[in-house]
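Data first, discussion second: the structure below is written as structure tokens.
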Amino acid sequence: MTTVATKETGADTEPPEAQATEPDPDEPAVEEADAPRRIRSADADDRIAQVGSAAGSLGLVWILYHRVLPTEGLLGFVLCWWIAFLLLYALVTVQRHGRVVLVDRIAAAVVRSAAVVVAAALVTVIAYTFWRGGEALVHANFYTEDLVFDDSTDLSQGGIRHAIVGTLEMMGLSIAFTLPLGVACAVFLSEVRGRLSRIVRTIVEAMTALPSIAAGLFILVALILALGVEQSGLAASLALSVMMLPIITRAADVGLRLVPGGLREASLALGASQWRTVWHVVLPTARPALATALIIGVARGVGETSPVVLTAGYTNFLNANPLSGWQTSLPPFIYNNARLPEEEMVVRAFGAASVLLTIVLILFVISRIIATHRGGRRS
Amino acid sequence: MTNAKPVGTATVDVDTPRAIDPGLPVADRVFRGGARAVGLLVLAIMASIGVFMFSESGIAFDEFGWSFFTEHRWALETNQLGVLSLLVGTVTVAAVAIAIAVPFALTTALFITEYAPLRARRTLIALVDLMAAVPSVVYGLVGLILFQPYLADIARWIHDFFGWIAILDVPGADPDTTNWNNTAHQYTSSAFIAGVAVALMVMPVCAAVMREVFSQAPAGEREAALALGGTRWGVIRSVVLPFGRSGIVGGTMLGLGRALGETIAIALIIVPAFDVKLRILENGTITIASQIILRFGESSPLQLSALMFAGLVLFVFTLIVNTIAAAVVSRSRSGAATEI
């Protein structure tokens, strides 16, 4: 193991064999010589070239953009600065290094800045939503009243209680439908198996990317138009369930397949039947994975708009009964109010979006916590 | 491996293995039957989506026939309904979204697997997943309220410099106008702006697939490239990208499937326009999904059936795209790795 020491200091002065004589594994001094060279760190030359190019291009573009050329706008400025930076950086690099280093550095700069743009986009979307929604979120009535008001411009009247209640009831019903079905189907796919399971798995995987509008249309046609079921929270939950079922099934299937085969065999060898093995060994072991699967499905379902719009109608009043009458949830509320001309309605839409984002964020954090604790105790 | 024949023929009878399979206990038979029934139920639910949409769109097909695919108007009064402009709009918006999302997805995936410090990697992956979990209605809302004015500005700029390219032209708008407030609306609610909002939600989907495939690039080949004196970009170009090619294709297809089926972000941003056009910067466009959500409430049975038909077209379209994507990605995961 410790035969070749990679020492940078005496580059070509001594052949590697000289260092490799008498490798003593017990001697701690060898470990120091063996410390791997950091191949990915930037040296001072690189840093100076980067900072210098950034500063130089900033000055150049500032003068050209604001003083010489008839251009304006922050976005254009940043874009021009970026392009000037790349050019300057390339120029500086190519003077001291070859083409190979040039391409490497420019590629690194492009990849890094694109990642920054993506991060900025994510932060912008979330921060802007909370910032605009904040005006509505500080009013307690926003959470406790329906969307009724004498004056639509007064944010201390009217709220989203009906949408929150609708969201919670629809998600509760959807979980009640999809969790047993999804887990049972995953058990079928990974524990029972057989020729049928291959077909089911193919179909389920294809359906995970089902456009949510198709799920809504299906319930609209099959239940509401064909069977005469009225538009209600229940119909919306069914539509959401159709959409969530493949997602939960697939995630649960992946989780069950990760259960070590040794546990199953140990249980079977002790004389347990397959049913008992699944119930007492496989499912408890996979519990974190199943919880993650559920949360993934719920996070997708809670933000879906089109199935609910198609199947639940829309109302501004609280309807706590999901079995009859129109009901609304948070996404349709946002959709219906975002395009209204009054500024305050847009603020309410952003407030509802903030509440929705908070729910999604909480679900997301829970799933992360479960996922990182996965396998800690049992496997 | 191979079963060696017993040498002594006399012992064969004695050595026959005793049957140890006692048959399935009742509980197991019930369990297996129940699980199989659930599997069949799920299969039935999934299959009935396609069946119902197919049977319900029959009325429209009887009425319009194949001209449904060549008619671009959606005139409820005169019953001239066709899916051509919807199809063109859907593909246009999805193409814009993919054109914007894929370069960023590629670089984000590369950044996470190749450039980011090891400690930050988990956090970055979580952030990309979080971006995928943000509801599309939120992207639509922010795109409509926050991004649209800036994007209209960019659209004018593009029109000014690249207006000679047919798809980037905006007839009737003067990019050099001094009265921007009267011209801005000609650049809003366009396929381009809807495409940007969709790109935001498609990007993390593409990036997740690409990242996973990139991170599976064989370590041996990476190290070999480094040992030959390759730079980091050299490793990416000669090992990571060739290895992850199917991940790039698969991720793009998966993103395309999402972009084609996206409803609400597009419905929020666009203004319906039923011309068959590829001018992405011009005000107004329409997609299949947004048409369904905008029109389902005010339709007669025939028109509803026509919407169903459009939905079926979308359904089949996305199903094909997604199946190809899944096939490409799964092929990349099995056995493409080379061991050294």
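From A:ALA236, A:ALA215, A:ALA252, which residue is in contact (Cβ under 8 Å) with a residue 40 or more places away in the chain and facing chain B (nearest Cβ under 8 Å)?
On the way: A:ALA236 fails: facing chain B (nearest Cβ under 8 Å); A:ALA252 fails: facing chain B (nearest Cβ under 8 Å).
Only one candidate passes the filter, namely A:ALA215.
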Does A:VAL148 meet the test of being in a helix (DSSP H, G or I), among the hydrophobic types (A, V, I, L, M, F, W, C) and either out of contact with any Asp or Glu (no Cβ under 8 Å at 6 or more places or on another chain) or assigned by TED's automatic domain parsing to the domain that holds A:ASP253 (or both)?
-> no
Hey, A:LEU258 open to solvent by 40 Å² or more (accessible area, probe 1.4 Å), touching a Pro at 6+ places or on another chain (Cβ under 9 Å) and either modelled with pLDDT of 90 or more or closer than 19 Å to A:LEU294 by Cβ (or both) or not = no
Yes/no for A:SER324 being open to solvent by 40 Å² or more (accessible area, probe 1.4 Å) and hydroxyl-bearing (Ser, Thr, Tyr) | yes
Scope the range B:176-219; condition of a type outside the set (D, E, K, R) and surrounded by fewer than 18 Cβ atoms within 10 Å (Cβ to Cβ); matching residues = B:THR177, B:THR178, B:ASN179, B:TRP180, B:ASN181, B:ASN182, B:HIS185, B:SER215, B:GLN216, B:PRO218, B:ALA219
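Quick check on my filter: what residues within the range A:122-142 are more than 14 Å from every other protein chain (Cβ to nearest Cβ), in contact (Cβ under 8 Å) with a residue 60 or more places away in the chain and surrounded by fewer than 18 Cβ atoms within 10 Å (Cβ to Cβ)? Steps first, please.
So in the range A:122-142, the residues more than 14 Å from every other protein chain (Cβ to nearest Cβ) come out as A:134, A:137-142.
Restricting the remaining residues to those that are in contact (Cβ under 8 Å) with a residue 60 or more places away in the chain gives A:134, A:137, A:142.
Passing the criteria: only A:GLY134.
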Residues of the range A:297-333 being within 13 Å of chain B (Cβ to nearest Cβ) and touching a Lys or Arg at 6+ places or on another chain (Cβ under 9 Å), which ones?
-> A:PHE333
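Per-residue answers, yes or no, for (1) of a type in the set (A, V, I, L, M, F, W, C); (2) at the interface with another protein chain (Cβ under 9 Å from one of its Cβ atoms); (3) free of Cβ contacts under 8 Å to residues at least 40 places away in the same chain; (4) in a helix (DSSP H, G or I):
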{"site": "B:ILE20", "(1), (2), (3), (4)": "yes, no, yes, no"}
{"site": "B:LEU24", "(1), (2), (3), (4)": "yes, yes, yes, no"}
{"site": "B:ALA27", "(1), (2), (3), (4)": "yes, yes, yes, yes"}
{"site": "B:PHE31", "(1), (2), (3), (4)": "yes, yes, yes, yes"}
{"site": "B:ARG36", "(1), (2), (3), (4)": "no, yes, yes, yes"}
{"site": "B:GLY39", "(1), (2), (3), (4)": "no, yes, yes, yes"}
{"site": "B:ILE45", "(1), (2), (3), (4)": "yes, yes, yes, yes"}
{"site": "B:ILE59", "(1), (2), (3), (4)": "yes, no, no, yes"}
{"site": "B:TRP66", "(1), (2), (3), (4)": "yes, no, yes, yes"}
What is the number of the single condition among (1) surrounded by 20 or more Cβ atoms within 10 Å (Cβ to Cβ); (2) within 24 Å of the chain's Cα centre (by Cα) that A:LEU168 does not meet?
-> (1)
Lone unmet requirement of (1) assigned to a helix (DSSP H, G or I); (2) among the aliphatic types (A, V, I, L, M); (3) more than 10 Å from chain A (Cβ to nearest Cβ) for B:LEU278 | (1)
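So, of the residues in the range A:341-350 that are away from every other protein chain (no Cβ under 11 Å) and in a helix (DSSP H, G or I), which turns out to be farthest from A:ILE164 (Cα to Cα)? Let's see the steps before the verdict.
Taking the range A:341-350 and keeping what is away from every other protein chain (no Cβ under 11 Å), we get A:341-342, A:344-345, A:348.
With the extra rule that they be in a helix (DSSP H, G or I), the set shrinks to A:344-345, A:348.
Values: A:GLU344: 19, A:MET345: 17, A:ARG348: 13 Å.
Going through the qualifying residues, I end up with A:GLU344.
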Restricting attention to the range A:66-82, the residues that are in a helix (DSSP H, G or I), open to solvent by less than 90 Å² (accessible area, probe 1.4 Å) and within 14 Å of chain B (Cβ to nearest Cβ) number exactly 4
B:GLY230 versus (1) open to solvent by less than 60 Å² (accessible area, probe 1.4 Å); (2) at pLDDT 90 or above: which is the lone unmet condition?
-> (2)
Subset of the range B:260-296 [in contact with a strand residue (DSSP E or B) (Cβ under 8 Å, 6 or more places away or on another chain), β-branched (Val, Ile, Thr) and open to solvent by 10 Å² or more (accessible area, probe 1.4 Å)] | B:VAL271, B:ILE280, B:THR285
In this structure, is B:ILE266 of a type in the set (Val, Ile, Thr), in a helix (DSSP H, G or I) and under 30 Å from B:ASP160 (Cα atoms)?
-> yes
So how many residues does the range A:101-121 have that are more than 8 Å from chain B (Cβ to nearest Cβ) and surrounded by fewer than 17 Cβ atoms within 10 Å (Cβ to Cβ)?
-> 3
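Test of understanding: among B:ALA120, B:ALA109, B:ALA155, B:ALA105, which residue is crowded, with 23+ Cβ neighbours inside 10 Å and more than 10 Å from chain A (Cβ to nearest Cβ)? First the steps, then the outcome.
Values: B:ALA120 fails: crowded, with 23+ Cβ neighbours inside 10 Å; B:ALA109 fails: more than 10 Å from chain A (Cβ to nearest Cβ); B:ALA105 fails: more than 10 Å from chain A (Cβ to nearest Cβ).
On inspection, the qualifying residue turns out to be B:ALA155.
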What about B:TRP74, is it more than 14 Å from chain A (Cβ to nearest Cβ), at pLDDT below 85 and open to solvent by 50 Å² or more (accessible area, probe 1.4 Å)?
-> no
Can you name the residue in the range B:50-71 that is of a type in the set (Ser, Thr, Tyr) and within 27 Å of the chain's Cα centre (by Cα) and is also surrounded by the fewest Cβ atoms within 10 Å (Cβ to Cβ) among such residues?
-> B:THR70
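Would you mind listing the helices (runs of 4 or more DSSP H) fully within the range A:218-326 where at least 3 residues are over 18 Å from the mean Cα position of the chain (by Cα) and assigned by TED's automatic domain parsing to the domain that holds A:VAL204?
On the way: elements: A:233-257, A:261-269, A:274-277, A:287-302, A:306-312.
Here the list reads A:233-257, A:261-269, A:274-277, A:306-312.
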Check B:GLU223 against each of (1) buried (at least 18 other Cβ atoms within 10 Å of the Cβ); (2) in a helix (DSSP H, G or I) and name the one condition it does not meet.
-> (1)
When the residues of the range A:173-193 are filtered to those that are small (Gly, Ala, Ser) and open to solvent by less than 40 Å² (accessible area, probe 1.4 Å), which remaining residue is farthest from the other protein chains (Cβ to nearest Cβ)?
-> A:SER174
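The values are calculated or read from the model by the stated rules, or taken from the named source; none is laboratory data. Predicted model, so just to flag it, every value in this text is computed and none were measured. Methodologically, a virtual Cβ is constructed for each residue, glycine included, from the backbone with ideal geometry; neighbour enumeration extends over all protein chains shown. Surface areas here come from the heavy atoms of the whole protein model, side chains and all, with no ligands, DNA or RNA. Shrake-Rupley method; radii C 1.70, N 1.55, O 1.52, S 1.80 Å.
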